[in-house]
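The values are calculated or read from the model by the stated rules, or taken from the named source; none is laboratory data. If you're wondering where the values come from, they're calculated on a predicted model, not measured in any experiment. Here Cβ is always computed from backbone atoms with ideal geometry, including for glycine, and neighbour counts include all displayed protein chains. Surface areas here come from the heavy atoms of the whole protein model, side chains and all, with no ligands, DNA or RNA. Shrake-Rupley method; radii C 1.70, N 1.55, O 1.52, S 1.80 Å.
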Amino acid sequence: MIFPEKTLHDLEWPRLLEHLSQRCTGSAAAQASLHLPFLPPERAWKRLALVAELMECIRKGDPPPPLPADSISQWLALVRGEGAIPAEGLLAIATDVRLFVAVARYLDARRDVCPGNAALVIPASGPQALVPLARLASEIEGSFEPDGTLSDFASPELGPLRRKAASLRSGILTRLERMAEAEQDLLQDRSVTMRGDRYVLPVRADAHRRLPGIVHGASGSGATVFLEPEEMVGLGNDLMLAREEILREEARILRALGEAVRDLLPEVTGAFESLVETEVRIASARLATDLGAALPIRADSGIADLVAARHPLLVLSGVHVVPSRIEVTPGECLVVSGPNAGGKTVVLKTVGLCGLMLAAGLPAPLDPTSRLGVPTGVLTDIGDEQSLVKNLSTFSAHMTNIAAILGSAGPGVIVLLDELSAGTDPIEGAALAEAILEDMCARGASALCTTHFDALKARAQDGRGFVNAAVGFDVEALSPTFELRRGTPGSSSALAIAGRFGIFPVLVERARALLPDGIRDLTRVIESLEQERRKAAFEKTALTEERRALAALAERHKEELARLKARQDRIIEEEAAALWASIRAAREKVRDAETRLRRRGTDASVVRDVRKTVNQIAEEIDSRGPSAGGKGEAGWDRVPRAEDLALGVKVHVIPLRGTGVVDTVPKGGKLFVRVGGARARVCVDELRLPSEPAPAARSAVARKPAPKVDRNTAEEHPIRTSDNTLDLRGMTSDEAVAATEAFLDRALRDGTGTVFVLHGFGTGALLKAVRAYLGSSAYVEKWRPGEPDEGGDGITAAWLR
């Protein structure tokens, strides 16, 4: 891996690492990210895959938790050396362990999105291995108060010892305050103070002999001595001893917590290292998201086909960056030409930084259709290396660096050369540059070079290992466009730029006149080509926008047509629904009229009333217009006869506006049809056949009558309820049959599987009529007399098809 310091300096790699560091939430990871290592290709691609998993979590709005971990390396070193760990160190260890457990559990819950990260962070034994670490963190944190002091509950002994010391202190203060009140004429003031951990009274220097006790010091002026009264010495000693016991107990607790860490030292060390690495990967995912970066298609080292590539530091600085398509292959040199300040050096740095990012396991700001291999090295000669101390001119410094590059260039290495051989005679410089680039291509390196040498541009046009590319320049606006075009050379536009920056026009024109004819013609041709290219690009953009506008208009028209069709279909459906509601009502009226005829006989006036009712309904339907005529769709306009409707015959069902097949033979003007997965009961006049008669299906056979089954052989024993029972008692046979048919119709619509028909015993006529109808009904699959607990022979149970 060849990534020298000069390359990192030329490409401003440390600045990019600072951006990465700023996206870390913990100091340990922030420090580690500043030293992000370059990896061999296989390891680099693995790290890129891990970062991509975390990018997906961020994209889905489910980012990893913040991990504000501080370094605990010094505390772990104390543990290894069996040294005492202070409270600060224990709390830092507990914090990092808790953060590790949190991120491990986060990844464990998202193995579908982050399988690689989960496998890397969670111990091989599984999530249960996190339990001892979580218990250790809880034990340490539970032993301390929020301010970092040991809790009274850190051990059974610490609390009582602290309460004992507090009681002694309170007693001493109370007695001293009383003495100060009693001996106030001997004191400078009545306050109680401390000297050397002993409670004392401020006694006047001329009166200390009148109050027996131990002097622990005097004021700076000598006017006050700090005296511990004799009668308080014993209590003071007791307090000192109590405090010593507290210190010993606190030290014992810290040692015990340190031992707990020592017992899990390998696990804690691994957790800390994994935590830092994970946080650096998370920061890498945050940086990639901010850059709009992506993983390119994997390619061999040295291959760089960058689509929509952008300079990462420019993107992060908020500058609008024109994306570039940059293609370099091993053994080839891309010769980039164009005006000064046109973005040539930016092209070099973009390729270099993308290569460095990939080698460090960082997604680069480019389109995912890009093809890029992890380079085995990046070598640069960018910038001015002039040094007065080393006695190097600009040209000498560049040649020194080029010599070092030639010794390292090879397959998989990207070489970036800015203004190669500049700073010397242009003819000799161009020849030297061509020779150097030929050698680098022969070594298998992938080279990019910026130049103003026309000789190099001409060589690149020959296509012998060199390829031209130009950064755009708007001649009319006298400003660069920062677009990179492969296959054409670029004009330096030095005279135009000089005029833009204040050189007198007369001087610019004089310089143009002094140009050799060949150079002047070449410049004119390049500028003309640039203008034509920009004109073509403008027209292409206009055509693209026009196509986009036309496509949008067509889409709006399509949506409007769909909306109008949906509205038309809705109106037709509503009209059809109203029509068929009228038809159903008409049929009910006809059925009522038929019932009246049966009851009253064939009275002429009743017949006239029925005919009048039917004619009124017909007139009402006709008044609705053509849509009410119940016509089928195109090709389905033949009205069927009952004999045409054999089983399996295809029919168009007008109410359902669909095609189905006959499922039962017509009975009473009605039958069942199947449309898709649904089975519906319709009237014969609601069906249409194809315009040309179609042969009946081969499977069309007469349905067998519903069989009677014996009570003892019936497999099912349905439950009788008021909803599935029809009471026919008191009706005539004709009325009973009509009522049974209507009841079975409703039962089928409601999805009822079994019904009971209560006809009673009587003369037996009603029983025979009902069972005869059930046996011949297309609705009924089988029937049987009622069980004794259902009503015996006075009731019939029927199973519907």
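Here are some notes:
- Pairs over the 29 Å Cα-Cα cut-off, from the set Lys344/Lys535; Lys46/Lys344; Lys6/Lys344; Lys344/Lys540; Lys667/Lys708: Lys46/Lys344.
- Protein heavy-atom accessible surface, 1.4 Å probe, per residue over region 37-192: 52 Å².
- Distances between placed amide hydrogens fall under 5 Å for Val328 paired with Ala304, Asp305, Leu306, all partners being 5 or more residues away or on another chain.
- In this structure the amide hydrogen of Ile2, modeled in the peptide plane, comes within under 5 Å of the amide hydrogens of Gly377, Val378, none closer than 5 places in sequence on its chain.
- Debye intensity ratio in log₁₀ form over the Cα atoms of region 19-82, taken at each q of 0.14, 0.15, 0.25 Å⁻¹: -0.60, -0.68, -1.12
- Tensor-based shape of region 87-143 (alpha-carbon gyration tensor, a/c under 1.5 rounded, otherwise prolate or oblate): prolate
- Highest to lowest packing among 311-317, 543-549, 329-335, 644-650, scored as the average C-beta count within 10 Å: 329-335, 311-317, 644-650, 543-549
- 5 Å binning of all Cα-Cα separations within region 184-315, expressed as whole percents from 0 upward: 2, 8, 10, 9, 7, 6, 5, 5, 5, 5, 5, 6, 6, 5, 5, 4, 4, 3, 1, 0
- Per-residue 3J(HN,Hα) values for region 220-229, derived from phi via the Karplus relation 6.51 cos²θ - 1.76 cosθ + 1.60 with θ = phi - 60°, read x, 7, x, 7, 10, 10, 9, 10, 9, x Hz in sequence order (x marks Gly and Pro).
- Accessible area of region 195-243 divided out per residue, in Å², using a probe of 1.4 angstrom: 51
- On region 251-392, 54 percent of the accessible area sits on carbon and sulfur atoms, based on a 1.4 Å probe.
- Accessible-area composition of region 109-215, carbon plus sulfur, in percent [1.4 Å probe]: 51
- Each peptide in 758-766, 141-149 gets a packing score, the mean of other Cβ atoms within 10 Å over its residues, and the list from highest to lowest is 758-766, 141-149.
- Less than 5 angstrom separates the built amide H of Lys782 from those of Trp799, all sequence-distant by 5 or more or on a different chain.
- Total formal charge among the other residues, if their Cβ is under 13 angstrom from that of Leu158, Lys/Arg +1 and Asp/Glu -1: 0
- Prolate/oblate/rounded call for region 40-124, Cα gyration tensor, a/c under 1.5 rounded: prolate
- Accessible surface of region 733-784, 1.4 Å probe, proportion on carbon and sulfur as whole %: 54
- Per-selection Rg to Rh, region 122-215 - Cα, Kirkwood hydrodynamic radius: 1.37
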